[in-house]
Amino acid sequence: MSKVKLWYLYDFANSFASSVVIFYFPLLLSRGGASDIWIGISTAISTIILLIFYPALGHKADQSQRTRMHYIILSSVFMLVTLYAMGFITSAYAEHYTFLLLAVLCLLYIIFQISFQGSYVFYSAFMQNFRNEGHNKDRVSSLGTGIGQLGNAVSIGIMGAFVVNGSIVVFGVSGNSLALILGATIFIVLAIPFLMQKPDDTEVVGREGLGKGFSFSEFIKKVFQNKKLLYYLLGYMFVADSLATLQIYLTLYLKNVFGFTEKMSSLGGVISLGMLFLTCMLAGSLMHKVTDKKKMLILGGVIYIGAYLLFGLAPTIPVYAYLILAFAGIAFGLFFPLARSFYSDIVPKESQAEYFSSFVIFERAATVIGPIIWVIIFQLLSAYPIEYRYRANVMALALTAMLGL
């Protein structure tokens, strides 16, 4: 199997790990009586850790594909272990969510987020190598995103249809807890071919000057001196804020506004991710014809904001929620693959992993800002019904995304 196909396979595989966390971990915390603030604070902590460590790790990874692969393998192992731990702990103590237990679960969530986002830094940097091999980088980015979202759809479809309803029991574990364990297992099985490949360091190009060592202050200085890069990252941060925050609270939003059950949330996820996959496949085949990526990004962003406005204003009828989730999938498929590819174009070819760490950090900074705003609005509107508090937050996310355009 070619290296680019193995890269697609890893994108598909890690979706099984991330999707079960996004869809089912917040519900497990909610079942234990935890408020929204727990997961918001945990996400913020993981972002701060990424900010401190990952630019330096990205710099080191740019010196050797072998080092880059070692980091991906290590991240994958941590993802596997944390998901298994979360699954077994939430199953064993389903009726006894103490403060200490919640703290342990959030610590595991932090480790998972650091590992998952870290692996994204390192494997996204491979896009430049694929370009050097003659692949169209825009097409690779779109297809990679589409295949990754197909993994999300398959994962949520399997878990929603057969697992979260509790009909399957494995070693005494069932429901959402089992979804975490199965997601981890499928992830590592599918990821093994990519993780076992032997990297060829001769493919790393343009490494002049990379051996000088990493300076965090110099890296920040380089980012802020490059105005085009800085403005792009700031704009992307605001758009990503809306996505990252809604992902954290999506299942709770559907439950409290549209009355969704866990099975209905899974179906909604499959619909949205299915449309995202189809959009990415279509965009991947047409991306080479795009002459102005910036205008295409803005168009995708406008459609994306429209999905949020519809989400915040739609009547509490489940069919409307399904239609909006499908529309949101189309918007995501237009915007985010192109955003990743465009960023790869404007950063130095020899420092892809180092600069992709800043891409992820600005993206994850949104997970600090967004949840804080969400909690503040939620508390300020405490006198209103919970449905209106959730709707107000989604409208605030739409306004935040507008700032990014």
Extension gain (nm, one decimal) between Ile73 and Leu195, 0.36 nm per residue minus Cα-Cα: 43.3 nm
Quick one: plug the Kirkwood hydrodynamic radius of segment 1-54 (C-alpha pairs) into Stokes-Einstein at 4 °C, 1.567 mPa s, and report D in µm²/s. 96
Roughly what % of Cα-Cα distances in the chain sit above 34 Å, to the whole percent? 25
Give the angle, between 0 and 90 degrees and rounded to the nearest 10, that separates the Cα long axis of helix 386-404 from the longest principal axis of the Cα atoms of the chain. 20
From the cross-link list Lys198/Lys228; Lys5/Lys228; Lys3/Lys228; Lys60/Lys198; Lys255/Lys294; Lys5/Lys198, which pairs have alpha carbons spaced over 26 Å apart? Lys198/Lys228; Lys5/Lys228; Lys3/Lys228; Lys255/Lys294
How large is the convex hull of the Cα atoms of segment 27-100 per residue, expressed in Å³ as a whole number? 98
What's the angle, to the nearest 10 degrees (0 to 90), between helix 227-257's Cα axis and the longest principal axis of the chain? 20
Chymotrypsin sites (Phe, Trp or Tyr not before Pro) within segment 142-204: DSSP coil, no more than 15 neighbouring Cβ in 10 Å: Phe171
Which residue, Tyr388, Tyr84, Tyr54, has the most motion in a Gaussian network model of the chain that connects Cα atoms within less than 10 Å? Tyr388
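Scanning the chain for GluC sites (Glu not before Pro) in DSSP loops with at most 14 other Cβ atoms within 10 Å, what's the longest stretch left with none?
For GluC sites (Glu not before Pro) (loop position, at most 14 other Cβ atoms within 10 Å), the longest site-free span of the chain is 209-405.
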When the chain is modelled as a GNM with alpha-carbon springs shorter than 10 Å, which of Val20, Val375, Val394 fluctuates the most? Val375
If I build a Gaussian network model for the chain, linking alpha-carbon pairs within less than 10 angstrom, which residue out of Ser18, Ser217, Ser266 has the largest mean-square fluctuation? Ser217
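In debye, nearest 20: dipole of the chain around its Cα centre with unit charges on the Cβ of K, R (+) and D, E (-)? Please report the intermediate quantities before stating the final value.
On the way: 27 positive and 19 negative charges, 122 e Å.
Approximately 580 debye in magnitude.
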Find the centroid of the Cα atoms in segment 367-405 and in segment 29-58, then give the distance between the two in whole Å. 18
To the nearest 500 deg cm²/dmol, what mean residue ellipticity at 222 nm is calculated for the chain from DSSP H runs of n ≥ 4 alone, each contributing -39,500 (n - 2.57), summed and divided by the residues? -28000 deg cm²/dmol
Please give the helix 318-346 orientation as an angle from the longest Cα principal axis of the chain, in degrees from 0 to 90, rounded to the nearest 10. 20
Separation of alpha-carbon centers, segment 147-185 and segment 228-250, rounded to whole Å: 28
Kirkwood radius from Cα pairs of segment 1-146 plugged into Stokes-Einstein at 10 °C, 1.306 mPa s, gives D in µm²/s equal to 95
Label-point separation, Ile298 to Leu230 (7 Å along Cα→Cβ), nm: 2.2
Quick one: give the max-minus-min coordinate of the C-alpha atoms of segment 233-286 along each principal axis, largest first, in Å. 38, 28, 12
Stretched out fully, how many nm does the piece from Leu313 to Asp345 gain, at 0.36 nm a residue minus the Cα gap? 7.8 nm
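Rule-based calculations on the coordinates, nothing more; no lab input. Model, not experiment: these values are computed from the prediction. Cβ atoms come from the backbone with ideal geometry, glycine included; neighbour counts cover every protein chain shown.
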